[in-house]
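As structure tokens, the structure follows; a few thoughts come after it.
A short reminder: the numbers here are calculations on the coordinates, not readings from a lab. Predicted model only: the values in this text are computed from it and were never measured. Note that each Cβ is placed from the backbone with ideal geometry, even for glycine, and that neighbours are counted across all protein chains shown.
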Amino acid sequence: MKKLTKVLGLLASSAILAVSLHGASINETAPDFTLTDSNGNEHSLSDFRGQFVVLEWVNHECPFVVKFYQPGKMQELQATYTEKGVVWLKINSSAEGKQGHLTPELANQAIADKGINATAILLDHDGEVGRLYDARVTPHMYIINPEGVLIYNGAIDSIRSTNSADIEKAENYVVSALTAAMAGEPVAQPVTRPYGCTVKY
Amino acid sequence: MKHLSFSAWAFACLFAWTAHAQEYRGKTLVEAQLVTSDQTIVPGKPFLVGLHMAMAEGWHTYWTFSGEAGLPTNVEWDLPEGIQISPMLSPLPELKTEATGFRAYSYFGEVTHLFYLYPSPDLTPGQTITIGAKADWLVCEEPCIPGSAEFTLELTVGERGVSRSTEKDPRLAEALANLPRPAEAFLERVEIDWETKGDQIILHGRLTTPLPGKLVAFYPLPPADAFIEIPEQPVFQNSPDSLANDGGVVEFSVSTSVVSPGQGLSALSGVLVFENQETKQRFGFLL
């Protein structure tokens, strides 16, 4: 709790105000949820108190997602941060019959084919968790700190394109936010405009 | 330069630059082409170039500010010395709700984005100018597919002082007619104040009639890194009767939520959209 006070103090001193979105507000406790992963195991956000958690909304057929998976960049990020103890959850909110819908089998196939290094792929086929977080696009990224507070909501990086060549030129907001937060510093840009394909609810 | 004979002129009007078709699963989603009214540019005289895009039925591309979803069309130019180009000028889009429930500023059917090319007065008549362009866009129905195309324009530098007064290509003429115009220059009187209240940014406007129709919306053009919501419908402070009165004043406000950057935004540029209630024709005025 002491740490949380410190973080909030830093945020207040840098004059970043809490930004309210439907359901999930920056600098407030992230809404809890429970979802089943592609192996049939249940995960609740609250299980991961004490760890940083990254939520990545995913639709593997979306060109903005392909931009990061084709050259292996998303897998690289997942490996880097899960090795540091970060929990990385991919959430699939594509409804049945919609683009990017993952059955448990398709999700596990994707893990094998693409070399996905996330902690788990969670299936949110009724879109309940997506709507709870107001997830708009794929990839839409969220970061929750060890105290369970939402510290980042937005785009994966600063160049709104489908071109993989832009990745190196862009600022990766998830990396910036995790780097700052893991060093006990405030996140400079806690909310950015997400870009990508709309979530296929 | 000799004056072109009528038949040569007619022939010049019929030329067409190469079109590019974006194919997806056996279907053409977008046919894109550069359009000009002429192949001859005049030193020192602006020359209009359009990027014409024809979308398959149900598919759409996006305005400069795409809204809750989407990505704007973008053109990168490869210009030789002596040629400059304006920013992209886009016709008024439509605000539509997509299949996924998100609202976006979109173009359905056809759209022509415009650019003014500025040839230097020092160009030599008879010289050939080669201009390259790379267009990128996102086209969506329910799925979204990125598209891109590269184009080349081969233009001849003509004699000084000879210039066209009207655009012969109907696509250019139509796009010009649908471009939002500077509000200050075209409306009788425009007074705009901005107010910030929490995460809201509120436009307070006073317009003097006659107006080209009823004010129906404000389409914002936020900075690229800002994250704002689509503005609410305009709220009128005075009686709707005054809308019809010549010389009357229409007072209204439009509010928008700014998600990010919290307090960094104190005003927005954008387009006031009017609609003629009978013809349904829409007019845009740039703020």
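Annotations
- Applying the condition of being small (G, A, S) and loosely packed, with under 14 Cβ neighbours inside 10 Å to region A:168-194 and asking which residue is nearest to the other protein chains (Cβ to nearest Cβ) yields A:A188.
- For region A:94-110, filtering for residues that are surrounded by 19 or more Cβ atoms within 10 Å (Cβ to Cβ) and among the β-branched types (V, I, T) leaves 0.
- Hits in region B:49-74 - residues which are over 13 Å from the mean Cα position of the chain (by Cα) and either at negative phi or among the aliphatic types (A, V, I, L, M) (or both): B:A54, B:M55, B:A56, B:E57, B:W59, B:H60, B:E68, B:A69, B:L71
- Of the listed requirements (1) crowded, with 21+ Cβ neighbours inside 10 Å; (2) of a type outside the set (A, V, I, L, M); (3) within 25 Å of A:V86 (Cα to Cα); (4) facing chain B (nearest Cβ under 9 Å), A:C197 misses just one: (3).
- Long-range neighbours under 6 Å by Cβ, at least six apart or interchain, first residue more than 28 Å from A:Y173 (Cα to Cα) within region B:216-232, second surrounded by 17 or more Cβ atoms within 10 Å (Cβ to Cβ): B:V216/B:V273; B:A217/B:V273; B:F218/B:P231; B:F218/B:V254; B:F218/B:G270; B:F218/B:L272; B:E232/B:S255
- The one condition from (1) away from chain A (no Cβ under 14 Å); (2) part of a strand (DSSP E or B); (3) surrounded by 19 or more Cβ atoms within 10 Å (Cβ to Cβ) that B:Y118 does not meet is (3).
- Qualifying residue in region A:155-163 (condition: under 25 Å from B:D199 (Cα atoms), away from every other protein chain (no Cβ under 12 Å) and not charged (D, E, K, R)): yes
- Leading residue by the ranking (surrounded by the most Cβ atoms within 10 Å (Cβ to Cβ)) among those in region B:62-94 that are small (G, A, S) and more than 12 Å from chain A (Cβ to nearest Cβ): B:S90
- All strands (runs of 3 or more DSSP E) inside region B:10-100 with 1 or more residues being touching a helix residue (DSSP H, G or I) at 6+ places or on another chain (Cβ under 6 Å): B:27-35, B:47-55
- Verdict on A:H101 being within 14 Å of chain B (Cβ to nearest Cβ), outside any helix (DSSP H, G or I) and on the phi < 0 side of the Ramachandran plot: yes
- Where A:R131 falls short, out of the listed (1) within 25 Å of A:L102 (Cα to Cα); (2) assigned to a helix (DSSP H, G or I); (3) more than 11 Å from chain B (Cβ to nearest Cβ): (3)
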